[in-house]
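Novice: Sharing a structure with you now.
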Amino acid sequence: MTTQAALFETEPPRYCIDTNVVLSFLKGTDDEHYGADVFAPQWAVIENLIASGVIVAPRQVEHELTPWQKTVPTMHAWLKKRHHMFRDVETEAQLLAAKRIVGKYPVYGETLNFLGDLEVMTLADALGITVISLESESPFPSQKRPKIPNVCKEFGIDCVSVTGFLRRESGRLSP
């Protein structure tokens, strides 16, 4: 962990958030799952946990969100204010987790389209924390189009949906 990240944290990380979750809240279109304007209390929980260091993400999630600054008016300011949540690949544990996953699912090493997913899972594995993703577990897992929940399950990484996350953190929601 970087010294800068440690300055902002008040609690140890417990969750690693996927790009699709952030986009779902911030995108501002009707095709999103959770709009921050409609699900304000739920988004506030996520924002508070990011601010306290409980929710983190790998640097690749920041890279995946950056192009959205062109179409999501709030994205630039959101990224700038939350720069402390993004982590570089810094530990041997992350690299070993990546090697195990890529060994079974080579597509993670073949295209940048899967790099964010790989880094989300390896950061969660290295820190022993839970992945939050909008991806659904596939009843027919695929080597060419793996889904985060399937891969996490196979490698013993805890993974929850946004709904599952909100259930776990229900005590933080206002009545």
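The values are calculated or read from the model by the stated rules, or taken from the named source; none is laboratory data. For clarity, every value in this text was computed on a predicted model and none was experimentally measured. With ideal geometry, Cβ positions are generated from the backbone for all residues, glycine too; neighbour counts draw on all protein chains shown. What goes into the accessible areas is simple: the full protein's heavy atoms, side chains included, and nothing from ligands, DNA or RNA. Shrake-Rupley method; radii C 1.70, N 1.55, O 1.52, S 1.80 Å.
Novice: With a 1.4 Å probe and every protein chain kept in, tell me what percent of the accessible surface of the chain is carbon plus sulfur.
Specialist: Values: 5130 of 9180 Å².
So the carbon and sulfur contribution to the accessible surface is 56 percent.
Novice: Given the pairs LYS81/LYS144; LYS99/LYS147; LYS27/LYS147, which span a C-alpha to C-alpha distance of over 27 angstrom in this model? Could the numbers behind the result be given before it?
Specialist: Working: LYS81/LYS144 36 Å; LYS99/LYS147 17 Å; LYS27/LYS147 22 Å.
Distance filter (> 27 Å) returns LYS81/LYS144.
Novice: Sticking with this one: Is any helix in the chain, taking whole DSSP H runs, at least 15 angstrom long along its axis by alpha carbon and on average at least -0.5 on the Kyte-Doolittle scale, and which ones? Display every interim value, and only then the final one.
Specialist: Values: long enough: 40-51 (16 Å, 0.78); 92-104 (18 Å, 0.15); 115-127 (18 Å, 1.02).
Answer set is 40-51, 92-104, 115-127.
Novice: Across the chain, how large is the tail of the calculated P(r) beyond 28 Å, expressed as a percent of all Cα pairs?
Specialist: Numbers: 2919 of 15225 pairs.
The answer is 19 percent, as a whole percent.
Novice: While we're on this one: Hey, what's the per residue convex hull volume over the C-alpha atoms of the range 23-118, in cubic angstrom?
Specialist: On the way: hull volume 11.3 nm³, N = 96.
Spread over its residues, the Cα hull of the range 23-118 gives 118 Å³ apiece.
Novice: Using mean Cβ contacts within 10 Å as the protection proxy, how do 125-131, 138-144, 79-85 order, highest first?
Specialist: Values: 125-131: 20.0, 138-144: 9.4, 79-85: 15.7.
For the peptides 125-131, 138-144, 79-85, the packing ranking is 125-131, 79-85, 138-144.
Novice: Show log10 I(q)/I(0) for the range 100-171 at q = 0.16 Å⁻¹, two decimals, from a solvent-free Debye sum over equal Cα scatterers.
Specialist: -0.53
Novice: Continuing with the same structure: Counting pairs of alpha carbon atoms under 8 Å apart in space and at least six apart in sequence, what relative contact order in percent does the chain give?
Specialist: Reported relative contact order: 25 percent.
Novice: At 1.4 Å probe size, with every protein chain present, just tell me what the per residue accessible area of the chain comes to in Å².
Specialist: Details: 9180 Å² over 175 residues.
So the chain comes to 52 Å² accessible per residue, rounded to a whole number.
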